[in-house]
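Readers should treat all values here as calculations from the given coordinates under stated rules, not as data from a laboratory. Since this is a predicted model, take the numbers as computed values, not measurements. All Cβ positions, even for glycine, are placed from backbone atoms using ideal geometry, and neighbour counts span all protein chains on display.
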Amino acid sequence: MGDAPGNPREKCIFADVKEKVHIDAVLGEVLLRRSTRARRVSIRIRRGGSIVVTVPFWVPYAMGVSFLESRREWVQEALERTGARNADLPEGESVDTLRARAKAVLPSRLRSLADRYGFKYNRVTIKHNVSNWGSCSTKGNINLNLNLMRVPEPLQDYILLHELTHLHHSNHGPKFHDELERLLADHFSQHAEEEPFQAIILAVNTSRARYPFTHVLEKALKEYRLV
Ligand SMILES: [Zn+2]
């Protein structure tokens, strides 16, 4: 430890750098590195949008994590500036392609969630707008945004369950949230073996929010923009 420059150990870079993948509830996958060369905790955003937090060797990873959490806004702004994260709309993937994929995937997912949790809706329509991820009318018609094809599955399911819950409660009052939290807890426990769901469950388990699933999922969703 505390290698001075020129110390022969420094050449053996692999012995002196340890790495660990951390899943941040908002930012997603982050690489934590402990390095003998580092003198302070730092955050770097690589080209392509991956996030690296480096801590000196004598600092525990947990300090890197809390530093990252205190700088989330900065990181998100930096990601938006580089356009890295939100550029995951693959080139050549037109709105038409997204719409076709959305039509192939979302109505049947909505159907199976509705059947599982006992919801009856009227009609589902795939929409393209920049104002919402989904909506539910008083007539029981559900609209889903084709942008949902750009977000991970747990977030898609969150939106679908959110709109289904509106069939019982048209507002966002406590009854709406109580029911939605119950559904999310059940649905996520069904998928607890799948990595993208695990990351959310982990964040939910440490959340002190009143509606932890909604809280964590809304934050995660902010990483994506409607285009
Ligand atoms: Zn709503």
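Between ASN141, ASN122, ASN132, which gets the highest mean-square fluctuation from a Gaussian network model of the chain, Cα cutoff 10 Å? Its mean-square fluctuation being the largest, the pick is ASN122. The long axis of helix 61-70 is offset from the longest Cα principal axis of the chain by roughly 50 degrees.
Counting only Cβ charges, +1 for Lys and Arg and -1 for Asp and Glu, the dipole size of the chain around its Cα centre is about 420 debye.
Beta bridges assigned by DSSP with both partners in the chain are antiparallel in approximately 60 percent of cases. Cα extents for segment 95-221 along the principal axes, largest to smallest and rounded to whole angstrom: 39, 29, 27. Based on the Stokes-Einstein relation at 10 °C and a viscosity of 1.306 mPa s, and on the Kirkwood radius from alpha carbon pairs, segment 18-72 is assigned a translational diffusion coefficient of 144 µm²/s. Helix 212-221 axis versus longest C-alpha principal axis of the chain: approximately 80°, rounded to the nearest ten.
Here, P(r) means the percent of Cα pairs in each 5 Å bin from 0 to the largest distance; for the chain it is 1, 6, 12, 15, 16, 15, 11, 8, 6, 4, 3, 2, 1, 0, 0. Shape analysis of segment 157-204 yields a ratio of the Cα radius of gyration to the Kirkwood radius, Rg/Rh, of 1.02. For the chain, the mean residue ellipticity at 222 nm estimated from helices alone is -13500 deg cm²/dmol, where every DSSP H run of n ≥ 4 contributes -39500 (n - 2.57) and the total is divided by all residues, rounded to the nearest 500. Give me the angle, in degrees from 0 to 90, between the Cα long axis of helix 174-190 and the longest principal axis of the Cα atoms of the chain, rounded to the nearest 10. The two axes meet at around 60 degrees. Measuring nothing but how far apart in sequence close Cα pairs (under 8 Å, 6+ apart) lie, relative to its length, segment 110-217 scores a relative contact order of 20 percent. Rounded to the nearest Hz, the phi-derived 3J(HN,Hα) couplings of segment 196-207 under the Karplus curve 6.51 cos²θ - 1.76 cosθ + 1.60 (θ = phi - 60°) are x, 6, 4, 4, 5, 4, 4, 5, 5, 5, 9, 7, where x marks glycine and proline. Listing VAL105, VAL95 from fewest to most neighbouring C-beta atoms within 10 Å gives VAL95, VAL105. Where is the GNM fluctuation largest for the chain (alpha-carbon springs, 10 angstrom cutoff): VAL55, VAL26, VAL17? Looking only at VAL55, VAL26, VAL17, the largest GNM fluctuation is found for VAL17. The amide H of ILE126, built 1.01 Å from its N in the peptide plane, has LEU144 as neighbours under 5 Å, considering only residues 5 or more places off or on other chains.
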